[in-house]
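The values are calculated or read from the model by the stated rules, or taken from the named source; none is laboratory data. Everything quoted here is computed from the prediction, not taken from an experiment. Virtual Cβ from ideal backbone geometry, glycine too; neighbours counted across all protein chains shown. With ligands, DNA and RNA removed, areas are computed over all heavy atoms of the protein, side chains included. Shrake-Rupley method; radii C 1.70, N 1.55, O 1.52, S 1.80 Å.
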Amino acid sequence: MHYLIGDLQGCCDAFERLLGEIQTAYGRNDIEALGDRTTPEMLSYFAQELDADTKKGVRNEVSQPKLLQGDLAEAWREADGEYATVAMHYSIIDATVEATS
């Protein structure tokens, strides 16, 4: 996903969509969907957390991810493209429940 620095709203919209997809996949314990949407490093963290939860007999129920605000912190251009750091604040309902319930 690539957005021009001037398209902060497009970046925020994409982040909110991706946030929802990742959180929903995490709540379903869907490693494949997480792998399609995250870096290998983040996938390894998620997989470890989900495995630990499974061993404890719990799972996460996540809902209502919502981007509250996105603020451009810095932007720069290099030979291979444009880059930006954006502070994104979001809310989400995240509950840990027994896996059997």
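Suppose all protein chains stay in the model; what accessible area per residue would a 1.4 Å probe give for the chain, in Å²?
Details: 6940 Å² over 101 residues.
So the chain comes to 69 Å² accessible per residue, rounded to a whole number.
Using the basic label-point model (7 angstrom from Cα toward the beta carbon), what is the residue 75 to residue 52 distance in nanometres?
3.8
Given 0.36 nm per residue, what is the gain on full extension from residue 7 to residue 24 after removing their alpha carbon distance, in nm?
The span from residue 7 to residue 24 would gain 3.5 nm if fully extended.
Given only helices, namely DSSP H runs of n ≥ 4 each adding -39500 (n - 2.57), what is the per-residue ellipticity at 222 nm of the chain, to the nearest 500 deg cm²/dmol? Can you show the working numbers first?
Working: 3 runs with 44 residues, N = 101.
Result for the chain, helices only: -14000 deg cm²/dmol.
Compute a Gaussian network model of the chain, connecting alpha carbons closer than 10 Å, and tell me which residue from 45, 90, 26 fluctuates the most.
Per the Cα network of the chain with a 10 Å cutoff, 45 tops the list.
For the chain, which semi-axes, largest first and in whole Å, follow from the square roots of 5 times the eigenvalues of its Cα gyration tensor?
After diagonalising the Cα gyration tensor, the semi-axes are 31, 16, 10 Å.
Under 5 Å between amide hydrogens, which residues at least 5 positions from residue 58 or on another chain qualify, with H placed 1.01 Å from N in the peptide plane?
Answer set, sorted by chain and number: 99.
Could you state the angle between the C-alpha long axis of helix 8-27 and the longest principal axis of the C-alpha atoms of the chain, as a value from 0 to 90 degrees rounded to the nearest 10?
10
Please determine, in degrees from 0 to 90 and to the nearest 10, the orientation of helix 40-56 with respect to the longest principal axis defined by the Cα atoms of the chain, where the helix direction is its Cα long axis.
The angle comes out near 20 degrees.
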